[in-house]
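What follows is a short report on a single structure.
The values are calculated or read from the model by the stated rules, or taken from the named source; none is laboratory data. Since the structure is predicted, the reported quantities are computational estimates derived from the model, not experimental observations. Quick reminder, even Gly has a Cβ in these numbers, built from the backbone with ideal geometry, and neighbours come from all protein chains shown. Side chains are part of the model used for accessible areas, which takes the heavy atoms of the whole protein and leaves out ligands, DNA and RNA. Shrake-Rupley method; radii C 1.70, N 1.55, O 1.52, S 1.80 Å.
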Amino acid sequence: MNKIEGWIIVCVILMVTAAFFYFFMNGYTYISYTLIFAALLIFIYHKGSPVLFKITAVISCVGLLYFSFVEFLVISQAQGDKDPGRSYLIVLGARVMDTHPSLSLQHRLEGALDYLNQYPDSIAVVSGGSGEGENITEAECMRRWLTENGIAEERILKEDRSTTTMENLQFSWEILQKRGCSPDDVAILSSNYHLYRAKEMAKKLGMDPAGVKGNVGYPIYTLGMFIREAFGITHFWVFGY
């Protein structure tokens, strides 16, 4: 096998694996994008002009430095805050499959259950409206799951209008302000990769929140979400939401 055949095989393997993740694995889109990008770099190295490769290499290095900086911020908040102990917990929604929580939402709910059991005087705001393929709101799905797992109804407030993270936080904060909640008496629960952005959004709305992570998902899936989060944070920095 000569050198050219070797790199072609590597590119094919990367592209086939990318297609598998994209078409057959729900939630692994950014893993597939990463594999496609790696195949593209290999192709340019072998078949592109030297000038094109140098330009691609410079852009890639700058992008990698920026990505590393953003991921440092994400990872720094991924474990949540120690002893969050706030009176109110905003649980950010995630996709509902028909009437059942998706894997991401399941992990967030497990984290919320742990928090509410650890702090028995706390109250949860379950936040999320309904989208395509969801027969009930994310808030209602979360309420049902928590009550079925032993959390009293009176400890759960529903925010069921929101369709984005910023709306999750904005509408939930409006509910809490009416109850006299102070900015530093609220915690936000989300997936570990999402906590940095969620806390920054909350601060923009006037909160001073603690971060609480949900249970961690499958490693490859979580890796893909960490990659995706870099784009979400960039969008937040540019557009403010």
Q.
How far apart, in nanometres, would the label points at residue 98 and residue 75 be if each is projected 7 angstrom from Cα along the Cα-to-Cβ direction?
A. 4.0
Q: Figure the gain on full extension for residue 182 and residue 7 (residue separation times 0.36 nm, minus the Cα-Cα span) and round it to one decimal in nm.
A: 57.1 nm
Q.
I need the fraction of alpha carbon pairs in the chain separated by more than 29 Å, rounded to a whole percent.
A. 37
Q. Over region 120-241, one equal point on each Cα, no solvent: what is log10 I(q)/I(0) by the Debye formula at q = 0.12, 0.15, 0.18 Å⁻¹?
A. -0.47, -0.75, -1.09
Q.
Once neighbouring chains are kept in place and the probe is 1.4 Å, which whole percent of the accessible area of region 73-154 is contributed by carbon and sulfur?
A. 43
Q. Rounded to the nearest whole Å², what accessible area per residue is found for the chain with the 1.4 Å probe?
A. 54
Q | Förster radius 45 Å - calculated FRET efficiency between residue 154 and residue 38, Cβ distance, rounded to 0.05 | A | 0.30
(Q) Tell me the angle of helix 165-178 to the major Cα principal axis of the chain, expressed in degrees between 0 and 90 and rounded to the nearest ten. (A) 10
(Q) Using the Cα centre of the chain as the reference point, and only Cβ charges (+1 on K/R, -1 on D/E), how large is the resulting charge dipole? Debye, rounded to the nearest 20. (A) 820
Q | Three-way shape label, region 1-76, alpha-carbon gyration tensor, a/c 1.5 | A | oblate
Q: Give the whole-number value, in cubic angstrom per residue, of the convex hull volume spanned by the C-alpha atoms of region 51-126.
A: 124
(Q) Between region 9-39 and region 90-165, what is the separation of their alpha carbon centroids in Å? (A) 32
Q: Give the calculated FRET efficiency between residue 19 and residue 223 to the nearest 0.05, with a Förster radius of 22 Å applied to their Cβ-Cβ distance.
A: 0.75
Q) Going by the alpha-carbon gyration tensor, a ≥ b ≥ c the square roots of its eigenvalues, is region 105-184 rounded (a/c under 1.5) or, if a/c is not under 1.5, prolate (a/b greater than b/c) versus oblate? A) oblate
Q) Most fluctuating residue of 134, 159, 148 in a GNM of the chain with Cα springs under 10 Å: which is it? A) 148
Q | Inter-label distance for residue 114 and residue 68, nm, one decimal - labels placed 7 Å from Cα along Cα-to-Cβ | A | 3.1
Q.
Using only DSSP helix segments of four residues or longer, with each worth -39500 (n - 2.57), what per-residue ellipticity at 222 nm results for the chain after dividing by its residue count and rounding to 500?
A. -19500 deg cm²/dmol
Q: Kindly state, to the nearest 0.05, the FRET efficiency for residue 49 paired with residue 239, given R0 = 25 Å and r defined as their beta-carbon distance.
A: 0.10
